[in-house]
Structure formats: structure tokens, C-alpha cells
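What follows is a short report on a single structure.
All of the numbers you see were taken from the coordinates with simple rules; none came from a lab. Everything quoted here is computed from the prediction, not taken from an experiment. Virtual Cβ from ideal backbone geometry, glycine too; neighbours counted across all protein chains shown.
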Amino acid sequence: MTVAELAALAGGRVVGDAQVLIGRVASLEGAEAGAISFVEEGKFLEGARASRASCLLVPEGTGESMVAAGEFAATLIEVARPKLAFALIAEVLHAPLRRAGAIHPTAVVAESARVEEDVFIGAGVCVGERVRIGRGTQVLAGAVVEDGVEVGAACVLHPNVVLYGGVRLGSGVVLHAGVVVGADGFGYVRDAAGYHKFPQVGTVVIEDDVEIGANSCVDRGALGETRIGRGTKLDNLVHVGHNVEIGERVVIAAQTGISGSTVIESDAVIGGQVGMGDHARVQAGAIVGSKAGILPGKIVRAGAVVWGVPVRPLDEYKRLNAHFGRLPQMRAELDELKRQVRELTARLAETPDAGEPGEK
Amino acid sequence: MTVAELAALAGGRVVGDAQVLIGRVASLEGAEAGAISFVEEGKFLEGARASRASCLLVPEGTGESMVAAGEFAATLIEVARPKLAFALIAEVLHAPLRRAGAIHPTAVVAESARVEEDVFIGAGVCVGERVRIGRGTQVLAGAVVEDGVEVGAACVLHPNVVLYGGVRLGSGVVLHAGVVVGADGFGYVRDAAGYHKFPQVGTVVIEDDVEIGANSCVDRGALGETRIGRGTKLDNLVHVGHNVEIGERVVIAAQTGISGSTVIESDAVIGGQVGMGDHARVQAGAIVGSKAGILPGKIVRAGAVVWGVPVRPLDEYKRLNAHFGRLPQMRAELDELKRQVRELTARLAETPDAGEPGEK
Amino acid sequence: MTVAELAALAGGRVVGDAQVLIGRVASLEGAEAGAISFVEEGKFLEGARASRASCLLVPEGTGESMVAAGEFAATLIEVARPKLAFALIAEVLHAPLRRAGAIHPTAVVAESARVEEDVFIGAGVCVGERVRIGRGTQVLAGAVVEDGVEVGAACVLHPNVVLYGGVRLGSGVVLHAGVVVGADGFGYVRDAAGYHKFPQVGTVVIEDDVEIGANSCVDRGALGETRIGRGTKLDNLVHVGHNVEIGERVVIAAQTGISGSTVIESDAVIGGQVGMGDHARVQAGAIVGSKAGILPGKIVRAGAVVWGVPVRPLDEYKRLNAHFGRLPQMRAELDELKRQVRELTARLAETPDAGEPGEK
């Protein structure tokens, strides 16, 4: 595509030769001729000038001065948000591979399954009874789709994904390799003999445009459903317990675990290796720092930024950590004070008119 | 089944129409006609009265008064432990799907494998040489059972489970999708050139009625065996290192990791995201809080309740955390004391008969 | 093999009958006739004397005295490092199973794939277009090797491993079951509508002799590459984010997570459940304790030993933890001091010549 076309796509303004052809995205350092890259505010000039990219996305109002400051081989496109424009352009230049509709001869698809047009079903895939798969969806090698599952349009199930019976996926859902959706939740009732399984007969609903990282697990609801809202993104090795409810546009980094019945409202941002107890609630737009621990039943207020185990507001967390780091100094000051008070007490005892000394 | 039959099953007493037919379990809110639900002590009346369940399990001695307090559409069953009764009834009403014995034509089963009656082997399953699979076991699509593995009766290996060569499973074992049993433990010996693998030639034994959550990993013993005792339950994404020994009826929540040669005795309860160093021991019935860290070689005493990194008794953990949260106040008090002592020292210096002032 | 042969292999000296035949390695307690075991300095005599092993590796200079101290059934081999010798001997006695070259009839191998001699491709394996697989490599059942992947010689891909398109493995690489290499990194750009994927169009390079534990995930680079250096070993359930660069001979224990663009230099040792923020750097030979948390951008100096969240030098970590544990005592001392100062103040106020009391 030409720089002019990309500029139109990104809503930007061209500074330089608009007819240069661009074939792919690249980092500033990794770019070669034919690549487009981007520079973010603050730290750009050095890297940008050294880059061999043919086109650079730059912040609005910076293009002319960059060119003025010295010879610039690359054509520039000024946009409000270069990184966002870069992502949008990449979606076009590097559209994910969509294999043509086909069912591989080694796949096993139940007769009662309803597979729409343009669906690709790879080698060794297993599709159960009464499954429905929407148009354009790609089910890659080794994935297992159990009975009664519904998958929307334009989804990608990467290799070896497993969907347990009856779970439902919207459209545009991407599940990376090894993701398991709908395994039994972890609930037992104990008696003298040991543990009896609490019924795990609910389901999972994953809404449109959700993406889930490799080897993550989303358990089915015990009685109701586990739900992940539209546009939410989960990283690798995340655990989502039974009956968890995650809102829209939530981001959850790798290895975080969410216990049963906890709610994460829309637009929350959750770091990696966070642990959430059951029946907790993270309200809309809250930010939970990596490695944080949220106790069962805890409510994190809308928009709050919390860190630590257990979580505290970030300001308080930082302040407490600073105090923690100065404990040895505090200890030393306390010892010095004790010495001074001992001395004062002794001196006061020697003062004739100072009355009776107190108990030490 | 009729309410009368369910009451007999649960050892309960019917209050109301014992001939009502019940087909499934449900939550109080999610229940429709034909469903049974349960109420636990304390918080029941509101939800119970609003529920559309046809039958409710209630604590002993509460049925009559509940009915007396107002019209009650549902039949009640009084039982000692409603949640336990609910679980037992669910085991009957929602017995897990047991597919009839069959070997899918796309499965690859070695000639030397000994597969008993009523075993289901799904699409694309691979069963190695000299494997033995007990009666009624279900090996679902994509599972891989390597040479020499022994699987007992009535097990369920969910899709894409992998059993490395020679591991042994008892009866009634449930492994969720993506579980890996018997991969090499993580042990190396370093020399100048780098790391040499310490031999990982032991095995894994998983006793009867163990359930392991999706994508969890149980490594084989280096020289001896890794063992998980009867009735123990592991959640998703748990890591069990080489030569770990887990007793009976242990519960381990998601994402916990157990290093090599550590022992967890029977009836322990382990939270999520706990980390245990090697050669540690959690004695019988101990409770380890989520996110706790147990140092190598540490012994957690029988019945203890421990939290934190490193673990401490829960009481102490809470007390220390409270002190931690008040560090800024402690700092302020210390500063105020220093001020007062300075002042006292100064005043004492002005007192004619108070002798020599000490060093500041 | 004879003890003499094993001694030659390990560079050791035989004390006793050098013609005894040895067939396998074992622990001291688990050994039977025909097995070799080892004893490390310090704690050996009890276990060694009780062992039924036919041969024992012992530290240099200890053999004769051990024999002199009492009857010893086993032949001894004195070596500088018994455990290392044991590992080297195990590599010979228990060479990993290498199946003869063969492509299972249920495997699906693209015509354009170039598979060298002696490669084993198991049941249900899927090998994509233009894949190259080096001599002697074993691709076990259910593994998926997507288009354009390069795998070196003598690798082992255990069952259900997934290699996304274009990733490259050196020789001697071992990936345990369920490992996913090359899934998309976790990067998004937000606008009003939600999250757009930042392009994840880089690749992964895994150098020679790397071993990766079950169900671990290594994401592809966003624009460049994610790289794991020669001889590095990863445990189970480890997460390696996009563009991470790991040096040679690094060891990373289970469930550790490494965020995007972080660098771990050669010979570092990383504990389990460690979390690393993005763009951090662990310099050569540093040791990071289990459960540690490394903030984004943080540099851990070469050779440092760090623990805690956030990481601190181990000495400081221990000292602070000790202070933390004594907070209640500090609190009590502070209260006692306050009492004493109050008393001193009161007494001084009663002293006729002590001037004006300060404010309390």
C-alpha cells in the first residue's frame, strides 16, 4: 500500500513522498526499506533518524520540525496517536492468516454439527454432536469441541484448544493454543469419608472479540455461568474460576488467578500473577498491580489503583513499603531514644528537688 | 425422581408434598420448576422464599418454622448439612456422561495394550505399548497414553491429557483437559560446560478418586516416585514437582507450585498460588493460605493455619500486617517522642542542680 | 556396564571389585543389586552402608576410610563430584528412548515439509508447509508444527506441543508436553472503542540444548524476536512474554512469568513463581529468589542475590524480614518509652527550678 493510503487509513497527514510503497510494520531498529514504524513522544529523534524504515508515524505537529532538523530519508505521517495508528495499519498489512473453508479429512465432525460456510477445520480436530460453528471460523489442528458447543463467526481456535460440552463463544473470539474452556470448577463438600464434588453443571459464555492466551483455563459455572465480556483480553496461563464474571474491555496479564464467583467490572486492568479470592469484586476501571492479592469478598472501588498483598491503594502501598525499607533506621532511632530516656531518668533522679523516680 | 426418593438418598425429612418430581439441581436464583436447591444456615429466608425451585434442602429443625412464617411453594427437605445433601443429590441427578464402550476408528491403540470392557477411547487418542486401561474408563479425544501406563477403572481422561510412559493411575481418577502427568522433573547438575540432567527415571502414582484440574502438571520422580493420595483434589494450573508426596483428601487450589521432594500430609488444605520450596513438609490437616510461601525444608505443624511469605501462624500474620499498616503512625509517634526527649534534655540542662547534660 | 567402565566414564577411581555389572541408577534407599547410587559429602555413611546398591559414587579420598570403617558390600568409585558423575552415568545407562525414524500413518505432513533422516513423527502429529525437521528429532503424538517452523536435529517434542508458524528451534531442544511456542504476545493499544492488537508478527528462536517444562508458554516477538539461549532450562508452567531475551545456561523454576522485552543474561538462576515486569534486566549470574517481584525497568546487577517484592539484596531482605517479625516488640518498646517520657515530663514540671513545661 502507498503511504497515502496508510495515512488515509490512520487519519494522518503525509510529510514527504506519499507514493512510497509499504509492505510491513517493523520496529525502528528492525525496519528495512518497505517497512513502516512509529515514534512516540519524548524519545524519538535518535532512533527515528537511524531507522531504515521507509515511513514513520510521528506525533502531530512534529513532522515538519523533524524534517527541518536534518535530512530524513523516510516519509512521515503525522497522527494523533502514532502507536494506535501503527496497530491499525498492522491489522491491514498483517491480517491474520485466514485459511479457506475446508474440513481436513482427518478431522472428526459429528453429523449433527452445523458448520457454516468458510469454516476451516484442521487436521485431527474433533467436533461433537449438535455443535454450531459460525462463518469464517478457523478451528486449527488438534482442537476438541465437545457436544453442544456454540462458536460464533470469525473465531480462531488455535491448536489443541479444548471446549467442554455446551460452552458458548461469540464472534471474533481468539483462543490460543492449549486454552481449556468449561472444565469443572473447583468445588467440593466434605464429609467424614472425604470430598464430594459440588455440582459443576453450569456453563461458560465468552462474548465477542475476547482473546485468551495460551494454556489459560476458564472453568464452567457450578450452577450458573462463567462469563467473559466483549473485548476482554487474557494473557497466558490465567485461571478463571467457576461463576466468575468479567466485564467488557478488561485486560488481565499472565498467570493471574481468579477464584469462584468473583466479579471484575468493565475496563479494569489486572496485572500478572494477581490472586483474587472468591466473591471479591473489582469495580469498573480499577487497576490491580502485578502480584497483588485480593481477599475473598473484598471490593476494589471503581477507578482505584491498588497493589500489594492484601491490596491497598497504590499511594499507601508505596508509603508503607518505604517505611518498611527504613525499619532498621527506625530500630536504631528507638534504641537511641531509649538510651537518652534512661540517661534523663538517671539525671533527674540525681536532681535533689525532682521528687521520686518512676519505675523503670 | 420424587422428593421422597431424594430425601431418602440424603437422609432427610420431607416437609410438604413428597411426590413432586425433581429433575435437576440449581441455585436459588437460577431455579425453575422441577429443580432442587439448598439454603445454608443464616442467610436463607429472603432467597429461599423468592426462589422458584420445586424443592429446597434446609437445615434440620427449620422447615416447619419456615413454612409457618408464610406461604411456601416449594417442598422442603430437612437435612443435617444441606450443601452436602445437595452435592450427593447432584451426583445422582447429574451423573457425569459415561459414553458406551467403544474405540474410535481414528484412535491408535497398540496391539499390546490391554483395554478392559466398557472403555471409551475417543477420536485421535493414542495408546502405547503394554498400556492397561480398567473397566469403564473414558479416554477422550486427543489424549496421549504412553507406553507402559496403567489406568484403573472408571477414570476420565479429558481431551488432550498426556500420560508419560509408565505412570500409574488408580480408579475413579479424573484428569481435566491438558493435564500432563509424568514429565521429567526439574533437576540438573552443573559443570563448567552447563547443565546435565539429573536422571528423571522414576514414576508417578495417582491413587483412587483423585481429581486434577486443567493444564496442571505432575512430574515423575527423579529416582523414586511422585505420589498423590486417594481422594485428593487439585485445581487448575498446579505444578507438582518430582518426588513430591501428597497424602489423602488434600485440597490444593489453582496455580500452586510444589517443589521437589516436598511432602503434604493427609487432609491438608492448600490455597491458590502458594509456593513450596523443596523438601518442605506440611503436616496433616494444616491449612496454608493463598499466596503463601514455604521455604525449603520448612515444617508446617499438623493442624496449623499459616499465611504469608514466609509462612507464619495466621494470628501472627494478621497482627504483623496490622502493625505494618500502622507504620506511618509509629513513625510519627517516634518523631514526636524524639521532640519531647530533646525538649526534656534541654530543660534539664537549664535546671541548676540537674548535673551534666548527656550527649545528644 | 562394568564398574570399571563407569569409573572411566566418570573419571573416577575404583575401590573394590571393578567387574561388577551395573544396569541402572537408583537412590540409596531405592537401590537393588545391579544399581549404582551416590553419596554427597557430609551425610553419607548411614544411608550408604544401609543401601543395597552394587556400586556407590563417593567423594574423592573417602573410599578407603569408608571401607575400613566396616564391611561394605558395594564397590565404590571415588570421584570429585559424585552427583555430577551420577548424572553423567545416568545419561548413558538411561539414554532417552529414541524411536527409529518413521512417520505414523495418522500423521499429517505437508508435501513441502523437509523431514531429514531418522525423524520419528508420531500418531496424529500435524506438520505444516515448508517446515524443516532435523535428523533424529522425535515429534511425539498430537504435536502441531505450523507452517514455516524450523526444528534442528535430535530434538524431542513431547505430545501435544504446539509450535506456531515460523518459530525456530536449534538442536537438542526438549519441549515437554503441552508447551506452546510462538503464540501472540500480549500487547494492545486502547482507543475509545476498546483494545486493538499491537502487531505480534515477530518470531521465537530457541537455541541448542534448551529444555522447557510441561505447559510452559513462550510468546513470539511483537516485531522482533523472543530468544532463549543455548543450554537454558525452564520448568513447568513458565510464561515468557514477547521479545524477552534469555541468555545461555539460565535456569528458571516453575510458574515464573517474564513480561515483554525483559532480558535475563547468561547463567542467571531464577526461582519459582517469580514475576518480572517489562523491560527489566537480570544481569549475568544473578540469583532471583522464589516468589520475587521485579518491577518494570529494574536492573538486577550481575551476580547479585535478590529476594522479595520488590526485590532487594538477600541480606537486606532477611534483615528487614527480621525487623518485620519484631514489630509487635517495637510497638511495645515505643509505648513504654512514651510512658517514661510522660512521667519524666510530669516530674520535671514538679521540679521548682526546671522552668516552663513544654507542650504535650
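Which shape class applies to the stretch C:3-93: rounded if a/c is under 1.5, otherwise prolate when a/b exceeds b/c and oblate if not, where a ≥ b ≥ c are the square roots of the Cα gyration tensor eigenvalues? Judged from the Cα gyration tensor, the stretch C:3-93 comes out rounded (a/c under 1.5). With θ taken as phi - 60° and the Karplus curve 6.51 cos²θ - 1.76 cosθ + 1.60 applied, the whole-hertz 3J(HN,Hα) list for the stretch C:246-251 is 10, x, 8, 6, 8, 10 Hz, x standing for glycine and proline. Measure nothing but the geometry: give the 0 to 90° angle between the long axis through the Cα atoms of B:82-93 and the longest principal axis through the Cα atoms of chain B, rounded to 10°. Taking the Cα atoms of chain B, the angle to B:82-93 is about 30 degrees. Farthest towards the positive end of the charge dipole of the stretch A:11-94, among the residues A:88, A:62, A:74, is the Cα of A:88, using unit charges on the Cβ of Lys, Arg, Asp and Glu.
Listed by Cβ neighbour count within 10 Å, with the fewest neighbours leading, C:291, C:298 appear as C:298, C:291. Think of the protein assembly as shown as a dipole: +1 on every Lys or Arg Cβ, -1 on every Asp or Glu Cβ, centred on the Cα centre; then among B:327, B:127, A:306, B:327 lies furthest on the positive end. Among the GluC sites (Glu not before Pro) in the stretch C:57-115, those placed in a DSSP loop whose Cβ has at most 14 other Cβ atoms within 10 Å are C:60, C:71, C:111. Entry note, chain A: relative contact order of 6 percent, from Cα contacts under 8 Å with a spacing of 6+ residues. Close amide H partners of residue B:169, meaning residues 5 or more places away or on another chain with modelled amide H under 5 Å apart, are B:150, B:151, B:152, B:206. Across the identical copies, the 7 Å label point of residue A:191, projected outward along Cα→Cβ, sits 5.9, 5.9 nm from its counterparts, in ascending order.
What's the center-to-center distance, using Cα atoms, between the stretch A:10-77 and the stretch B:222-285 in Å? The distance from the Cα centre of the stretch A:10-77 to that of the stretch B:222-285 comes to 55 Å. Taking the DSSP beta bridges with both ends in the protein assembly as shown, the antiparallel portion is around 15 percent.
For the residues B:263, C:174, what sequence is obtained by ranking on other C-beta atoms within 10 Å, fewest first?
Neighbour counts put them in this order, fewest first: B:263, C:174.
Give, as a single signed number, the net charge of other residues whose beta carbon lies under 10 Å from the beta carbon of residue B:226, with Lys and Arg counted +1 and Asp and Glu -1. That sum, taken over residues with Cβ under 10 Å, equals -1.
Cα-Cα pairs above 46 Å in the protein assembly as shown: how many percent? The proportion of pairs with Cα distances above 46 Å equals 39 percent. Among A:83/A:233; B:298/B:318; A:298/C:338; A:291/B:83, which pairs are too far apart, with a Cα-Cα distance over 29 Å? Table pairs above 29 Å Cα-Cα are A:298/C:338; A:291/B:83. Here the protein assembly as shown is assigned +1 on the Cβ of each Lys and Arg and -1 on the Cβ of each Asp and Glu. Its dipole about the Cα centre then comes out at about 540 debye. The antiparallel fraction among DSSP beta bridges confined to the stretch C:102-315 stands at about 10%.
With a 10 Å cut-off around each Cβ of B:298-310, the average count of Cβ atoms from other chains is 1.
Are there GluC sites (Glu not before Pro) in the stretch B:257-360 that DSSP puts in a loop and that have at most 15 other Cβ atoms within 10 Å, and which ones? Passing both the DSSP loop test and the Cβ count: B:359.
As I understand it, the value is the acute angle between the Cα axis of helix C:314-325 and the longest principal axis of the Cα atoms of chain C; what does it come to in degrees, rounded to 10? Roughly 50 degrees between the two axes. Spin-label model, residue B:315/residue B:112: points 7 Å from Cα along the beta carbon direction are separated by 6.0 nm. Starting from the label point of residue B:96 at 7 Å along Cα→Cβ, the same points in the other copies fall at 3.1, 3.1 nm, in ascending order. Computed from the Cβ-Cβ distance with R0 of 41 Å, the FRET efficiency linking residue B:103 to residue C:92 stands at 0.60. Per residue, chain B reaches -6000 deg cm²/dmol at 222 nm when only DSSP H runs of four or more residues are counted, each adding -39500 (n - 2.57).
A Cβ-based charge dipole, computed about the Cα centre of chain B with Lys and Arg at +1 and Asp and Glu at -1, lands at about 520 debye. In this assembly of identical copies, the label point of residue C:80 (Cα plus 7 Å along Cα-to-Cβ) is separated from its counterparts by 6.7, 6.7 nm, sorted shortest first. Applying the Karplus relation 6.51 cos²θ - 1.76 cosθ + 1.60 with θ = phi - 60° to the stretch A:171-179 yields 3J(HN,Hα) values of 9, x, 7, 10, 10, 6, 3, x, 5 Hz, where x marks Gly and Pro. Among beta bridges from DSSP that stay inside chain C, the antiparallel ones total about 15%. For chain A, what does the alpha-carbon gyration tensor say about shape, rounded, prolate or oblate, given a ≥ b ≥ c as the root eigenvalues, a/c under 1.5 as rounded, and a/b over b/c as prolate? Verdict is oblate for chain A.
Which angle between 0 and 90 degrees, to the nearest 10, do you get for helix A:327-350 versus the longest principal axis of chain A when only C-alpha atoms count? For A:327-350 against chain A, the angle is about 10 degrees. The distance from the alpha carbon centre of the stretch B:182-207 to that of the stretch B:93-123 is 33 Å, rounded to a whole number.
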